Amino acid sequence: MSPDEIQTRFVDEIKLRAYDDRYIDKNEEREILQIAIQHGIGIDAARDSLADVCVREGYVLEGTLFRLIKDQAVAAAGPAGKVDQKAFDQIVQTARTAAQGRRSDRDLKKMVVTVMEDNGLDREKSGWFGDWYASLKRDLGLG
């Protein structure tokens, strides 16, 4: 298939899966990418093409959202590898803008916590008795 044909197919597949919420989760993304691979398109070219189609058609791709969160968290952590509460809130705000209202704040905070823990980023405690991160995880039902 030519790149134009695969993009047309992506538009059709995206509309079938994400018509109601305009959000492509990781499972839907994997299904769409498998179609491209079956037609002989390389994985990197397929991902780039899918991301282009999502941007052009106004859909949010979960994989892109996770990459954005990871980049922001790694940058905020710096060489010490610690994220403070202010940086965490800024990452959530950036993710909220990128998600275009298609994910709740609770979902976005869970995503940020997941990315931080998957990448070994620690949180910076504020004061002796304040552990904002543990309190946040409790509120989100993650720990």
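Dimensions of the stretch 62-140 along principal axes (Cα, Å, largest first)?
Extents along the principal axes: 37, 28, 19 Å.
Using a basic spin-label model with each label point 7 Å from the Cα along Cα→Cβ, how many nm lie between residue 74 and residue 22?
Between residue 74 and residue 22, the label points sit 3.0 nm apart.
Rg over Rh of the chain, using C-alpha atoms and the Kirkwood radius, what does it come to?
Using Cα coordinates only, the ratio equals 1.07.
When the Kirkwood hydrodynamic radius is evaluated over all pairs of different C-alpha atoms of the stretch 3-58, what value in angstrom, to one decimal, is obtained?
Result for the stretch 3-58 stands at 11.0 Å.
Suppose only helical runs count, i.e. DSSP H with n ≥ 4. What mean residue ellipticity at 222 nm does that imply for the chain under -39500 (n - 2.57) per run, divided by all residues and rounded to the nearest 500 deg cm²/dmol?
Result for the chain, helices only: -22000 deg cm²/dmol.
How much net charge surrounds residue 46 when only the other residues with a Cβ under 13 Å from the Cβ of residue 46 are counted, with Lys and Arg +1 and Asp and Glu -1?
-4
Between residue 118 and residue 85, what is the label-point separation in nm under the 7 Å Cα-to-beta-carbon projection?
2.7 nm
Any chance you could run the full-extension gain for residue 52 through residue 30? It's 0.36 nm times the residue separation minus the Cα-Cα distance, nm to one decimal.
The residue 52-residue 30 span can extend by a further 6.3 nm.
Based on Cβ point charges of +1 for Lys and Arg and -1 for Asp and Glu, what charge dipole magnitude is obtained for the stretch 18-79 about its Cα centre, in debye rounded to the nearest 20?
Working: 7 positive and 12 negative charges, 44 e Å.
So the dipole magnitude of the stretch 18-79 works out to roughly 200 debye.
Report the longest stretch of the chain that contains none of the chymotrypsin sites (Phe, Trp or Tyr not before Pro) sitting in a DSSP loop with at most 12 other Cβ atoms within 10 Å.
After excluding every exposed loop site, the longest remaining stretch is 20-127.
What are the lysines whose alpha-carbon lies under 20 Å from the alpha-carbon of residue 110, with same-chain residues fewer than 8 places away excluded?
Result set, ordered by chain and number: 26, 70, 82, 86, 125, 137.
Taking H placed 1.01 Å from N in the peptide plane, check which residues at least 5 places from residue 60 or on another chain put their amide H under 5 Å from its amide H.
Those lying under 5 Å, H to H, from residue 60 are 23, 24.
In degrees, nearest 10, range 0 to 90: what is the angle between the Cα axis of helix 3-18 and the longest Cα principal axis of the chain?
Once rounded, one gets 60 degrees.
Every number in this text was worked out from the coordinates using simple rules, so none of it is lab data. Being a predicted model, the structure only gives us computed values, none of them experimental. Don't worry about glycine lacking a Cβ; one is built from the backbone with ideal geometry, like all the others, and counts go over all protein chains shown.
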